[in-house]
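Beneath this line is the structure, given in structure tokens, with notes to follow.
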Amino acid sequence: MRYLVLIFSLLAQLAAFLLFCKGFFPTKVLLTPDELDQYSTPFPDDYIEPKPQFDQVVLMVVDAMRADFLFSNNSYMDFAHKLLNDGYGVGFTAFSNPPTVTLPRLKGITTGSTPNFIDAVLNIADDENTSGLGDQDSWLKQMFLNDWKINMFGDDTWHKLFPDYFTKTEGTASFYVSDFTIVDNNVTRHLDYELSNEGKSNWDCLILHYLGLDHIGHKGGPNSPNMPLKQKEMDQIMERVFNEVVLQNPNSLFIILGDHGMNDVGNHGGSSTAETSAALMLVSQKFKNLNLNNNIESPITWNHDYNYFDKIDQIDLVPTLTELIGLNIPINNLGSFVPKFLNLYNDEEEQKNVLIKNALQLKVLLDKSNGKISTFENMEIDQLIEYINSAKEELLSSSSDYNYSDLHLALAVYLLMTILSFIIFGLYFKGQFFTAFFDVVFFVIYSVNFIASSMVEEEHHLWWFFTTIFFAYIIFKRFRIGSISWIAISSMMIGLRLLKAWNNSGQKHNLKANMKLSTYLSQLPSDIGPNVYAGLLVLSFLPMVLHINVKTEAGLSMNIYQVLIAMLTCLVGSSKMLAYLSENYNINDVSLVFPKWCLKFISFLKETTQLEDYNKINNVLFSLLQRVWLFTIIIQLFEPMVSKFIFKKKTSITHYFSNVLGIITFVLISQTNYLNVPIFPLLYLILFGFAYTSPNYSTNSNIFNVFILLLQNLTFFQFGSTNSLSSVDLTNSFNGLTNYNIFLSGLLTYTCNWAGPIFWSIAHLYLTFSKIPQDRIQSMKWKILFDKLLFNFVFYCTSGLLLLGCCYHLRFHLFIWTVFSPKILYFLSWLVCNLVFDTIISYIIVALYV
Amino acid sequence: MTTRRAKKVSFNKSSKIVEIDQEEDLNNLDLEIENQNSSRFNNDKNNESNKFNNDDFDDDFDPDTMDIDLTTGKKRKGRAAARADAAAGTAETDDKAPVEALATSLGLIPYHLPLLLYSILSDGTIMNDTAKAIQKTFFNLIAIALIYSVLVGEMAKLQRNPNKKSSGPTGAEFLYTSISFPISVALSIPIYLTFLLFGAPAGPLNTLTFYLSAHVSLISFFPLLNVYKFTDKNAKQIWWKLLTFQVPNWKLNQIYCSSLGGLIGCWLGVIPIPLDWDRDWQDWPITLLIGSYAGAFVGSVASYLYGLYVLSKFKKNT
């Protein structure tokens, strides 16, 4: 009965949260062709379509090229400065709307619409059907409809967005994040043909997307030693395109732009000035004598505000480009024509027509959002520019709307659930006022931090702070109880500290100064690195293997487990080793020296699988692993039942729970990023240390619940995750899958990012069940689960209510889309973790122990 | 192990709430009960040496036997039995190494700490060149902490033998200070390791963390080392109790409170660091340094005020 009440409340809580999300993240309603007819205004009588200025376009996207990389005196792009000074080039600092991730930015650059928050999520979901633009209007679609031939080379995100528009194309996957040269050489090698006379006759628009600069940024930040070389390389490509296209054809336009910037650490996704200030430069012969740069000499002195040349919005490129090449402006565009380029048109009437075209396109959207058709009067150029700007302003501000009835209902239900949870909690802990009181104080202190955006960004600090306080308390408690095991205490604390040192989390203090063990591991030279990593892998499997051998009684079942565990160890170990070798180093590079066994290992894998591509080999390993794993876990879960009913023998409780934990850890390790695998022995170290240090379970059940909650969250952040969408790890989302399956790859992605919390929710069972005597298990087992469930329920109610309240209250806050909305989604995932792993899976595991 | 009966609430199968009796470890009893069992000697000393008029104290007053709540002066209910149980188990071991407290006194307040703190902050160099400033302050702190430790030592001597007039520290005491000082500087190594375990950044900030631990060691451990001397009998047990927070009547132990305040202040000092105010002083370890200086002073003052409060309550009741 009480389980039913609790599970019902959990579901109600989840439903309320989902309802809030529904009201909070409205999907964007795009203009349909019907509405276009309904709201469009006819052009004035004296309107004549302006003449196209260009008939050939080269678009060169340099991923993460911040404005200062192109314009400042810290830039190494000397040729670009020469272009600007000679008047061929026109420079801008283009504001890229957050989220500053490639997919939403490309949508913005091509359609002219601002991304809505869901786009950022879909960037992660990576599904071809959902992220593709489908029929949405873009300048690419306009080009396609007007028989422009478009060739595209570079980042394959373009393929996902526009599967059909390209005549000739080759995409480069950003699989080797640590690779700075091959991704770019794969683009540049096409230039020889494409820029030849024969090649040029086969395209009207050439798109090049270079990823190397972004990779360098992710790896070493904006001041990485690789940066100057890469900038010079990009500069040379510009020079090549300029000489071979722009100088040859007076009607050609060459656009160089960064899709977003990067912050001081080299990451992007957020909304800081450094991330949103992307470079934009338009180059053409026609600009030469117009003095569009207002005599500003390049390079410009570096400044902190990234203020170089004029500031425009990145989406302004869309109407500007389409007007300059004489095509229709994409219907959902919110950008405005850059007035500077009016100088290209000699006639004032023509200049006016250019602006009218943009104004009428925006007016459709404006009328639609107001629901009525306004009048459009004849205006002068200045008035037109003003009209366009105000329309743009209004459309940008009204682009998000909340569904208030959903929000209010969701908040009310959530509040009700919270009150209910407090009542149950109060009744349950009637005799232990202080325990309940401290729990609630802890929940509230934690949740109050949602008010501060920086505390949401830096949440890992909070968990570390709470965890150290908690561990200090546990250790002092042990001092008073007596029988101190210094080994347990020190292993627990050292494990905790190494866990903290493994990755950095958060935004602000993601300092290079803080030693990160994972970066250290990834930067080892190729002759030492594989040996170190292999050693760490052995350490990672040691706890599970030892556990299974020590806790199992000798006999047939032990032999079965030994075989299965050996298989799992080999499979997981070789797949992780292969991932380390292939993702960390370029194995085909002959100049790298590897230990001999590595080469043997790789050639062995290649021979056995008859495959060459490391990605595919890994996939084979994973599909094999998943089968063995499923077999093992099923055997283990049903072992108690079988031995009870067939062999009339009781399975030892520590054996059962430690084996389940060990087997589940195998799948968690296989789903973890290869650099995070050595975290698992640390988790085991903390678990064992705590098991020896913690007081007796029956009187201190609360301590165990707090411990699990703290470690779940701490581990989550120490895997390198943050509350920002840019840190979602997708490296293991397609392990063992042969074709795309949204459910399975979603499950794999979830396991990959929540590996730490899942480990702890299973470890909770092992920890508590090994602490109570065998004869009391049957009477206590449901109580243990209920205790944990209730504790988590109160926690998620309190923190969830305050989070929703904060988001509702701060819904017009500057950071609502960049800080608070991702937190809502993360919290939703935590609710799912609570419901699925802490409740359902734990329940199944316990229920099967008879 | 002694146990007591405690009430615990649980659900039974029919989902009603029932109370069941359960055994609970004695060790989980709250601090004060234990304190009372072990502080007899301590309180006797307190009474004798209190610098306030001792006539006010009734000879009967002994919180252990009278079972009086020190804060309210009221008799406690229902704890006598638990206390009697507990006394059998723990009193014996505790009596061997009692942690004596010095009486609270205005003289024990570390006035130099806020002054030093002011000098650090008003100077302003700590924001620009943290290492240099923190080093300079450390030398100032050494000089003043040495004087303070001698004062504390004298105070301890006076309180232990109130009848003997002291003519200043003896040679042996100076010798003790000259040994205890390097010891407490050396203590900064374990403190540093503890900081590291509790999450201090490793890497280029190591030096700063080490200076911080040296400061903390001088603020929190040096005075303590001059009251609870390592030359004393039972020094090992006493220090064990001090380090594991098993000090009876710790709220009235001004030196101990000051040490605890320093540590807690240092701990709480990390809170401002992640906030996005982007001020210079949010750098590691400035806030921790400020926290430990302020915490030690506040701890000492709070303990002194608590002493006054207890005394006034007590006067009112007698």
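The values are calculated or read from the model by the stated rules, or taken from the named source; none is laboratory data. If you're wondering where the values come from, they're calculated on a predicted model, not measured in any experiment. Heads up, the Cβs are rebuilt from the backbone with ideal geometry, glycines too, and the neighbour counts pull from every protein chain shown. Remember, those area values only see protein heavy atoms, side chains included, never the ligands or the DNA or RNA. Shrake-Rupley method; radii C 1.70, N 1.55, O 1.52, S 1.80 Å.
Check B:LEU252, B:LEU242 and return the single one that is within 14 Å of chain A (Cβ to nearest Cβ) and of a type in the set (A, V, I, L, M).
Details: B:LEU252 fails: within 14 Å of chain A (Cβ to nearest Cβ).
Every option except B:LEU242 fails the conditions.
For every residue, the table says whether it meets (1) on the phi > 0 side of the Ramachandran plot; (2) touching a Pro at 6+ places or on another chain (Cβ under 8 Å); (3) open to solvent by 10 Å² or more (accessible area, probe 1.4 Å).
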{"residue": "A:LEU334", "(1), (2), (3)": "no, no, yes"}
{"residue": "A:TYR345", "(1), (2), (3)": "no, yes, no"}
{"residue": "A:GLN361", "(1), (2), (3)": "no, yes, yes"}
{"residue": "A:ASP382", "(1), (2), (3)": "no, no, yes"}
{"residue": "A:ILE388", "(1), (2), (3)": "no, no, no"}
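Test A:SER453 against the criterion of being farther than 27 Å from A:LYS783 by Cα, touching a His at 6+ places or on another chain (Cβ under 9 Å) and small (Gly, Ala, Ser), and give yes or no.
Against the criterion (farther than 27 Å from A:LYS783 by Cα, touching a His at 6+ places or on another chain (Cβ under 9 Å) and small (Gly, Ala, Ser)), A:SER453 qualifies.
Have a look at A:LYS508, A:LYS576, A:LYS500 and point out the one that is within 24 Å of the chain's Cα centre (by Cα), closer than 21 Å to A:ILE633 by Cβ and either within 14 Å of chain B (Cβ to nearest Cβ) or at pLDDT 85 or above (or both).
Values: A:LYS508 fails: closer than 21 Å to A:ILE633 by Cβ; A:LYS500 fails: closer than 21 Å to A:ILE633 by Cβ.
When all the criteria are applied, what remains is A:LYS576.
Taking region A:690-723 as the region of interest, how many residues are within 14 Å of another protein chain (Cβ to nearest Cβ) and touching a residue at least 60 places away in the same chain (Cβ under 8 Å)?
15
From A:ILE772, A:ILE824, which residue is open to solvent by less than 10 Å² (accessible area, probe 1.4 Å) and in contact (Cβ under 8 Å) with a residue 60 or more places away in the chain?
A:ILE824
Can you tell me which condition B:THR170 does not meet? The list is (1) without any contact (Cβ under 8 Å) to a residue 60 or more places away in the chain; (2) away from chain A (no Cβ under 14 Å); (3) more than 21 Å from B:GLY299 (Cα to Cα); (4) open to solvent by less than 60 Å² (accessible area, probe 1.4 Å), and all the others hold.
In the conditions (1) without any contact (Cβ under 8 Å) to a residue 60 or more places away in the chain; (2) away from chain A (no Cβ under 14 Å); (3) more than 21 Å from B:GLY299 (Cα to Cα); (4) open to solvent by less than 60 Å² (accessible area, probe 1.4 Å), B:THR170 misses (4) alone.
When the residues of region A:118-159 are narrowed to those that are of a type in the set (A, V, I, L, M) and modelled with pLDDT under 85, which ends up nearest to A:PRO99 (Cα to Cα)?
Narrowing region A:118-159 to residues of a type in the set (A, V, I, L, M): A:118, A:120-122, A:124-125, A:133, A:140, A:143, A:145, A:150, A:152.
Of the ones still in play, those that are also modelled with pLDDT under 85 are A:118, A:120-122, A:124-125, A:133.
Values: A:ILE118: 10, A:ALA120: 6, A:VAL121: 10, A:LEU122: 12, A:ILE124: 12, A:ALA125: 15, A:LEU133: 17 Å.
Looking at the filtered set, the residue picked out is A:ALA120.
Scanning for something more than 14 Å from chain A (Cβ to nearest Cβ) and at pLDDT 90 or above, does region B:195-204 turn up at least one residue? Give the steps one after another, and end with the answer.
Start the filter on region B:195-204 by keeping residues that are more than 14 Å from chain A (Cβ to nearest Cβ), which leaves none.
Within region B:195-204, none of the residues are more than 14 Å from chain A (Cβ to nearest Cβ) and at pLDDT 90 or above.
Okay, residues lined up against (1) part of a strand (DSSP E or B); (2) over 20 Å from A:SER252 (Cβ atoms):
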{"residue": "A:VAL57", "(1), (2)": "yes, no"}
{"residue": "A:VAL61", "(1), (2)": "yes, no"}
{"residue": "A:PHE69", "(1), (2)": "no, yes"}
{"residue": "A:PHE79", "(1), (2)": "no, no"}
{"residue": "A:PRO104", "(1), (2)": "no, yes"}
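Of these, A:LEU661, A:LEU748, A:LEU744, which one is among the hydrophobic types (A, V, I, L, M, F, W, C), surrounded by fewer than 20 Cβ atoms within 10 Å (Cβ to Cβ) and under 19 Å from A:LEU625 (Cβ atoms)?
After applying the criteria, what remains is A:LEU744.
Being in contact with a Cys (Cβ under 8 Å, 6 or more places away or on another chain), crowded, with 17+ Cβ neighbours inside 10 Å and among the aliphatic types (A, V, I, L, M) is the requirement here; does B:VAL216 meet it?
Against the criterion (in contact with a Cys (Cβ under 8 Å, 6 or more places away or on another chain), crowded, with 17+ Cβ neighbours inside 10 Å and among the aliphatic types (A, V, I, L, M)), B:VAL216 qualifies.
Tell me, yes or no, whether region A:544-556 has at least one residue that is touching a helix residue (DSSP H, G or I) at 6+ places or on another chain (Cβ under 9 Å), surrounded by fewer than 21 Cβ atoms within 10 Å (Cβ to Cβ) and at pLDDT 80 or above.
Looking for residues that are touching a helix residue (DSSP H, G or I) at 6+ places or on another chain (Cβ under 9 Å), surrounded by fewer than 21 Cβ atoms within 10 Å (Cβ to Cβ) and at pLDDT 80 or above, one finds at least one in region A:544-556, hence yes.
Kindly check whether there is at least one residue in region A:375-383 that is within 14 Å of chain B (Cβ to nearest Cβ) and more than 30 Å from A:ASN97 (Cα to Cα). If you could, list the steps in order and put the result at the bottom.
Of all residues in region A:375-383, those within 14 Å of chain B (Cβ to nearest Cβ) come to none.
No: region A:375-383 contains no residue that is within 14 Å of chain B (Cβ to nearest Cβ) and more than 30 Å from A:ASN97 (Cα to Cα).
Only one residue in A:ASP45, A:ASP34 is under 27 Å from A:GLN136 (Cα atoms), out of contact with any helix residue (DSSP H, G or I) (no Cβ under 9 Å at 6 or more places or on another chain) and exposed (fewer than 15 other Cβ atoms within 10 Å of the Cβ), so which one is that?
A:ASP34
Mind listing whichever residues of region A:427-448 are within 11 Å of another protein chain (Cβ to nearest Cβ) and open to solvent by less than 30 Å² (accessible area, probe 1.4 Å)?
A:TYR428, A:PHE429, A:ALA436 - these are the residues of region A:427-448 that are within 11 Å of another protein chain (Cβ to nearest Cβ) and open to solvent by less than 30 Å² (accessible area, probe 1.4 Å).
Among the residues of region A:75-89, which ones are of a type outside the set (Asp, Glu) and over 22 Å from A:LEU213 (Cα atoms)?
Residues satisfying the conditions are A:ASN85, A:GLY87, A:TYR88.
For region A:760-785, which positions are under 13 Å from A:PHE704 (Cβ atoms) and over 30 Å from the mean Cα position of the chain (by Cα)?
Residues satisfying the conditions are A:LEU765, A:TYR766, A:LEU767, A:THR768, A:PHE769, A:SER770, A:LYS771, A:ILE772, A:MET780, A:LYS783, A:ILE784, A:LEU785.
Out of all the residues in region A:326-370, which are assigned to a loop (DSSP other than H, G, I, E, B) and under 36 Å from the mean Cα position of the chain (by Cα)?
Listed by number, the residues that qualify are A:LEU327, A:ASN328, A:ILE329, A:PRO330, A:ILE331, A:ASN332, A:ASN333, A:LEU334, A:GLY335, A:SER336, A:PHE337, A:VAL338.
Kindly list the number of the only condition in (1) aromatic (Phe, Trp, Tyr); (2) in contact with a Lys or Arg (Cβ under 6 Å, 6 or more places away or on another chain); (3) more than 21 Å from A:ILE109 (Cβ to Cβ) that fails for A:TRP203.
The one condition A:TRP203 does not meet is (3).
If we only count helices (runs of 4 or more DSSP H) wholly inside region A:161-234, which ones have 3 or more residues that are among the β-branched types (Val, Ile, Thr) and over 21 Å from the mean Cα position of the chain (by Cα)? Please lay out each step first, then the result.
On the way: elements: A:182-188, A:191-194, A:197-200, A:212-220.
In region A:161-234, A:182-188 are the helices (runs of 4 or more DSSP H) which contain 3 or more residues that are among the β-branched types (Val, Ile, Thr) and over 21 Å from the mean Cα position of the chain (by Cα).
Would a scan of region A:728-740 turn up a residue that is under 17 Å from A:PHE827 (Cα atoms), open to solvent by 10 Å² or more (accessible area, probe 1.4 Å) and in contact with a helix residue (DSSP H, G or I) (Cβ under 8 Å, 6 or more places away or on another chain)? Working first, answer last.
Within region A:728-740, the subset under 17 Å from A:PHE827 (Cα atoms) is A:728-729.
Remaining after also requiring open to solvent by 10 Å² or more (accessible area, probe 1.4 Å): A:728-729.
The next check asks that each one be in contact with a helix residue (DSSP H, G or I) (Cβ under 8 Å, 6 or more places away or on another chain); those that pass are A:728-729.
So far as region A:728-740 goes, yes, one or more of its residues are under 17 Å from A:PHE827 (Cα atoms), open to solvent by 10 Å² or more (accessible area, probe 1.4 Å) and in contact with a helix residue (DSSP H, G or I) (Cβ under 8 Å, 6 or more places away or on another chain).
Just to be sure, is B:VAL227 modelled with pLDDT of 90 or more, away from every other protein chain (no Cβ under 14 Å) and buried (at least 16 other Cβ atoms within 10 Å of the Cβ)?
no
Determine whether A:LEU411 is free of Cβ contacts under 8 Å to residues at least 40 places away in the same chain and either facing chain B (nearest Cβ under 9 Å) or open to solvent by 30 Å² or more (accessible area, probe 1.4 Å) (or both).
Answer is no for this residue.
Could you check A:HIS813 against (1) more than 14 Å from chain B (Cβ to nearest Cβ); (2) under 30 Å from the mean Cα position of the chain (by Cα) and say which number it fails?
(1)
May I ask you to verify whether A:ILE419 is part of a helix (DSSP H, G or I) and away from every other protein chain (no Cβ under 14 Å)?
In short, yes.
Looking only at region A:263-286, which residues are assigned to a loop (DSSP other than H, G, I, E, B) and buried (at least 20 other Cβ atoms within 10 Å of the Cβ)?
A:ASN263, A:GLY266, A:ASN267, A:HIS268, A:GLY269, A:GLY270, A:SER284 - these are the residues of region A:263-286 that are assigned to a loop (DSSP other than H, G, I, E, B) and buried (at least 20 other Cβ atoms within 10 Å of the Cβ).
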